[in-house]
Amino acid sequence: MKHCIQFLTMTLFLCSFSLNTLIAQEETGVFSTSVQHKGNNSNDPEDVSGLTGVRMTTPEEERLINEIRTLRQKNDRSLRDKILSLEKQLNALNPNSISKTGEYYGGMIYPAGDEKPLLTPEAIGNVEIFNSGNSFISSHATATEQIGANVGRIWVVFSIRSTGAADTLRFYYSDNNGSDWIYYAWGMLGGTDQINYDEMDLEIIEESTGEKYLWIVYGYREAASTGRWRTGGVVIQTPTLTGQFYALSWPGDDATKRYYRLRVTSDNATYPTIAYIYMVASFDSSAGSSRVNTQKTLRVTNPYTTTPTFQYKADRFYWFSQTDNNQRDLHSDIAYFLNGSDSIIVSFSNAPDSTSLFFAKSNISNGPGTPNGAGGFIGGGQPSDHKQFARLSSNGNNNGSVIAVFRQNTNSIWRITYFRTTNHGNFNNMNQAALQGSLSSHSFQPDIVGVRNMPKHYFTWRVDGNPDSLRYIGTDNLGFWDQNAGMMNSHTVLSGLVGPKAGFRYADNDSCFVSYVPTGPYDIWAAFGCSGPVSVEDDEIVPINYSLSQNYPNPFNPSTTIKYSIPQSSFVKIKVYNTIGQEIAELVNQELQIGNYEVTFDARNFPSGIYFYRIEAGNFVETKKMILMK
């Protein structure tokens with residue numbers, strides 16, 4: 001059962017103010033360190049064990065790199081064939097680079113059929129793009145066209161999960177800053193492949209001819225999410241509609257290896273007509289009694305096609321671990337910037353030493369990466385606090401602005417902050433944002449986007465509360481926040497499994513745009529405009545009604561959280577039942593005072609399946625469904 005309460009109830013909170021309006025946007029001073037970790041040991045900066053050596057380019061390679069750069073700077077698409085020929089010569093000289101065409105399979109792209117809008121937008125700027133029924137939204141992404149006749153067109157792409165079947169992708173766009181949405185195309189993955197939850201990214205390649213190429217990337221699993229962990233995506237050409245799914249075939253790939261959390265960026269801001277694509281994936285593989293954990297990178301030198309060739313780079317980019325046999329969930333990201341020459345920076349978080357973020361750089365041709373000029377391991381102002389879900393943003397040019405936004409656990413509460421540089425991602429010298437979110441409720445995974453060739457970045461995340469708050473902040477490269485909007489959502493409970501995605505609008509003085517998923521994760525909504533209600537970020541607000549929220553995450557394994565509100569002193573019971581009505585667990589059975597509560601259901605001893613949880617409090621009774629998926 002979906003839990004959806006519109007903004008009529010939200011107006012009760014319009015006089016509430018965010019705690020963060022009372023504190024500084026960024027911490028005072030500049031965080032600086034001279035430590036450059038040479039290897040992957042964050043306790044010893046001189047330890048180089050296990051680190052791939054940084055290969056020096058030969059004079060012939062340098063000649064080719066300089067010739068290619070000179071030609072690309074002309075931004076003349078008639079030079080593309082000559083540039084690709086030189087890239088082929090350069091690739092043949094680099095043992096760190098292996099070129100392979102994509103591995104294509106049975107996925108297909110189709111034009112969209114007729115579909116009427118589901119809901120008209122509310123005054124505060126929320127509109128439902130797609131209603132999934134009883135299906136799940138496994139991943140979504142958004143991006144905005146920035147040049148050409150359709151400048152300002154906002155795209156939203158998402159995947160729909162059906163039990164035991166291949167995921168379906170849908171493509172929508174809006175030409176009026178998010179108010180109305182056009183169903184453009186759909187496609188289905190091959191076999192029974194399914195995209196992993198919250199593992200989609202999108203980059204738009206734009207050229208002067210008017211044709212655009214939507215590069216959607218994701219991590220997925222074969223055999224209805226029970227088979228191999230792989231990475232791939234789809235390229236959609238528009239307005240001439242054509243498209244092709246692809247599966248990445250990394251060198252040495254086999255069933256013992258796991259590739260996931262694929263991310264994408266481009267240098268399209270610097271090279272409007274001769275852009276390249278860059279990707280990074282998290283990776284682990286069994287290796288005897290231990291498991292290798294690292295990240296893989298690739299590039300595409302001709303992204304103006306739906307049948308690309310991929311240049312797979314070094315065996316590992318920078319961070320590397322082979323200390324145990326644990327299977328991890330490592331968060332990688334990638335960004336391009338211009339600093340005299342073309343460069344990429346890769347971040348890595350949620351590693352065993354998760355109190356630090358990991359940064360390394362490389363030029364676009366060579367690899368592997370090096371911490372020189374990037375910082376290596378950075379703990380920031382709270383070096384002992386755990387950090388995860390780091391996301392990178394740059395403006396794709398030479399203004400030096402690179403930001404890493406991430407989730408940090410401080411005093412047992414997950415909150416959001418960022419590291420901000422104006423020196424091309426040298427995180428040895430950077431500013432740090434004050435912690436954002438609630439002092440008593442968790443913040444979830446953030447997302448960030450940079451505007452090409454402009455000193456603007458926008459980031460968003462969900463704050464757990466009653467109701468939940470969808471936060472959106474716009475900052476320039478000097479840390480001035482000209483937009484800081486809270487409670488952009490029209491739902492009281494958002495998905496903690498699939499986070500909101502940051503976008504932007506071409507609207508004067510009001511660029512706010514987010515695509516988000518309500519609890520479940522069900523449906524796709526757009527939130528647009530910064531002139532809506534103020535933030536509601538603390539769950540200390542006194543409830544006025546009994547309520548039982550949808551559990552999160554859902555599906556879950558092995559535990560999930562159930563939130564509920566009690567408006568007056570009541571004896572409360574919460575029990576869990578199986579599909580034949582048998583009580584299998586009692587979560588709450590006591591007198592409670594007025595307030596907002598949560599309880600955890602640990603299902604590690606129960607089989608996969610559908611379960612129901614029921615609350616009885618005073619005269620209030622409600623039952624909801626949840627899914628355990630092992």
For this session: Out of the residues in the range 225-237 that are modelled with pLDDT under 95 and more than 22 Å from the chain's Cα centre (by Cα), state the one that is surrounded by the fewest Cβ atoms within 10 Å (Cβ to Cβ).
Result: T226
Exercise. Which ones in the range 149-169 are under 20 Å from the mean Cα position of the chain (by Cα) and in contact (Cβ under 8 Å) with a residue 60 or more places away in the chain?
Worked result: I154, V156, F158, L169
Seminar exercise, completed: Of (1) over 20 Å from S440 (Cβ atoms); (2) at pLDDT 85 or above; (3) of a type in the set (S, T, N, Q), N554 fails just (2)
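Inspect all residues belonging to the range 531-540 and state whether any of them is modelled with pLDDT of 90 or more and touching a Ser or Thr at 6+ places or on another chain (Cβ under 6 Å). Let's see the steps before the verdict.
Looking only at the range 531-540, we keep the residues that are modelled with pLDDT of 90 or more, and these are none.
No: zero hits.
Here are A166, A141: which of them is assigned by TED's automatic domain parsing to the domain that holds I216, crowded, with 20+ Cβ neighbours inside 10 Å and in contact with a Lys or Arg (Cβ under 8 Å, 6 or more places away or on another chain)?
Just a single option satisfies the conditions, and that option is A141.
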Exercise. Is there a residue being touching a helix residue (DSSP H, G or I) at 6+ places or on another chain (Cβ under 9 Å), in contact (Cβ under 8 Å) with a residue 24 or more places away in the chain and surrounded by 24 or more Cβ atoms within 10 Å (Cβ to Cβ) anywhere in the range 423-437?
Worked result: yes
Exercise. Among the helices (runs of 4 or more DSSP H) confined wholly to the range 1-114, which include 3 or more residues that are modelled with pLDDT of 75 or more?
Worked result: 59-72, 80-93
For this session: Any residue in the range 80-102 that's within 17 Å of I274 (Cβ to Cβ): show its pairings with residues that are of a type in the set (S, T, N, Q) and in a strand (DSSP E or B) at Cβ separation under 7 Å, as long as the two are six or more apart or on different chains.
Result: N91/S99; N91/Q311
Exercise. When you scan the range 465-476, how many residues do you find that are in a strand (DSSP E or B), buried (at least 24 other Cβ atoms within 10 Å of the Cβ) and small (G, A, S)?
Worked result: 1
For this session: For the range 321-332, state whether one or more residues are surrounded by 20 or more Cβ atoms within 10 Å (Cβ to Cβ), without any contact (Cβ under 8 Å) to a residue 60 or more places away in the chain and of a type in the set (K, R).
Result: no
Problem set entry | Any chance N399 is in the same structural domain as L64 (by TED's automatic domain parsing), closer than 28 Å to V451 by Cβ, surrounded by fewer than 23 Cβ atoms within 10 Å (Cβ to Cβ) and out of contact with any Phe, Trp or Tyr (no Cβ under 6 Å at 6 or more places or on another chain) | no
For this session: Output the qualifying pairs, or none if there are none: Cβ atoms under 9 angstrom, residues six or more apart or on different chains, first residue in the range 493-512 and among the charged types (D, E, K, R), second residue buried (at least 24 other Cβ atoms within 10 Å of the Cβ) and in a loop (DSSP other than H, G, I, E, B).
Result: R505/G178
Exercise. What is the one condition in (1) surrounded by 11 or more Cβ atoms within 10 Å (Cβ to Cβ); (2) of a type outside the set (V, I, T); (3) within 19 Å of G367 (Cβ to Cβ) that M56 does not satisfy?
Worked result: (1)
For this session: Sort through Y577, Y597 and tell me the only one that's touching a strand residue (DSSP E or B) at 6+ places or on another chain (Cβ under 8 Å), more than 16 Å from K563 (Cβ to Cβ) and of a type in the set (S, T, Y).
Result: Y577
Exercise. What are the residues in the range 579-630 that are acidic (D, E) and without any contact (Cβ under 8 Å) to a residue 60 or more places away in the chain, if any?
Worked result: E583, E586, E591, E598, D602, E616
Exercise. In the range 559-582, what count of residues is obtained for those that are under 38 Å from the mean Cα position of the chain (by Cα) and over 19 Å from S549 (Cβ atoms)?
Worked result: 2
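Go through the range 130-175 and tell me which strands (runs of 3 or more DSSP E), entirely inside it, have 1 or more residues that are under 25 Å from Q445 (Cα atoms), of a type in the set (S, T, N, Q) and out of contact with any Ser or Thr (no Cβ under 6 Å at 6 or more places or on another chain).
So the answer is 136-144, 168-174.
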For this session: Please verify whether the range 304-313 includes one or more residues that are at pLDDT 95 or above, among the charged types (D, E, K, R) and not assigned by TED's automatic domain parsing to the domain that holds R391.
Result: no
Exercise. Applying the selection to the range 176-203, what residues are β-branched (V, I, T), surrounded by fewer than 22 Cβ atoms within 10 Å (Cβ to Cβ) and part of a strand (DSSP E or B)?
Worked result: I182
Seminar exercise, completed: Taking the range 429-464 and keeping only residues that are assigned to a loop (DSSP other than H, G, I, E, B), among the hydrophobic types (A, V, I, L, M, F, W, C) and modelled with pLDDT under 95, one is left with A434, L435, L439, M454
Seminar exercise, completed: Per the list (1) modelled with pLDDT under 95; (2) part of a loop (DSSP other than H, G, I, E, B), residue check on Q295 breaks on (2)
Exercise. Counting only residues that are out of contact with any Leu (no Cβ under 9 Å at 6 or more places or on another chain) and modelled with pLDDT of 95 or more, which one in the range 401-412 is nearest to Y458 (Cα to Cα)?
Worked result: R407
For this session: Filter the range 315-339 down to residues that are at pLDDT 90 or above and more than 18 Å from N409 (Cα to Cα), then give me how many there are.
Result: 8
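The values are calculated or read from the model by the stated rules, or taken from the named source; none is laboratory data. It should be emphasised that the depicted structure is a prediction, and the values quoted were computed from it without experimental measurement. Here the Cβ is made from the backbone with ideal geometry for all residues, glycine too, and neighbour counts use every protein chain on show.
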